[in-house]
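Reviewing the structure listed below.
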Amino acid sequence: MTDRDQLLEQMNDDEASAMTSEEVEAALLHLDKWILIHDNEDGYKIEREFKLNTPKEAIEFINHLNAEHHQFPDMHILGTMVLVTCYTEDVVGLTRQDFLMASHADDLFERWDILTGRRDEVTEASDQSFPASDAPSY
């Protein structure tokens, strides 16, 4: 079991209470693309931008994220970019569920090309340059 898996398992045990600043800092170490922000009304939040290939993919990404999870973060589409913000209004801050949601969004994004059957331009160009049958010689 990886460190990240252990963290996620531990977070499942206590989902409803607000996390301490030390717990938040420890959890953020496993979510390196997320940033911690503070809002006077809602307390601390974590936020990340996901860059998709088209506006349609951005909408599909949000739909997948909502369909696969029971907690719904704030999500905004700006062209091909999806901004995801996680926080728990009831505790005016962050709970373990917010970090589980962030981890889930990361996992979805990492496997996005597999789920949609699409590949980004860099991967396509790489495959065309080095087809599987023509391994580079060293």
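None of the figures in this text is laboratory data; all of them are computed from the coordinates on show. What you are looking at is a predicted structure, and each value in this text was computed from that prediction instead of being measured. Every residue, glycine as well, gets a Cβ built from its backbone with ideal geometry; the counts of neighbours run over all protein chains shown.
Structure values in brief
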quantity	calculated
Gained length - SER17 relative to HIS64, 0.36 nm times residue gap less alpha-carbon distance	14.2 nm
Vicinal HN-Hα couplings computed from phi for segment 101-116 (Karplus, 6.51 cos²θ - 1.76 cosθ + 1.60; Hz; Gly/Pro x)	5, 4, 5, 5, 4, 4, 4, 4, 5, 5, 9, 4, 4, 5, 5, 8
Inter-label distance, nm, simple model (7 Å from Cα along the C-beta direction), THR80/ASP107	2.7
Separation of the PHE72 and ILE37 label points, Cα + 7 Å toward Cβ, nm	2.0
Mean Cβ count within 10 Å, highest first, over the residues of peptides 30-41, 84-95, 56-67	84-95, 56-67, 30-41
J(HN,Hα) series, segment 82-98, from Karplus relation 6.51 cos²θ - 1.76 cosθ + 1.60, nearest Hz, glycine and proline x	10, 9, 10, 10, 10, 6, 10, 4, 4, 9, 6, x, 10, 10, 4, 4, 5
Separation of the ALA26 and THR54 label points, Cα + 7 Å toward Cβ, nm	4.5
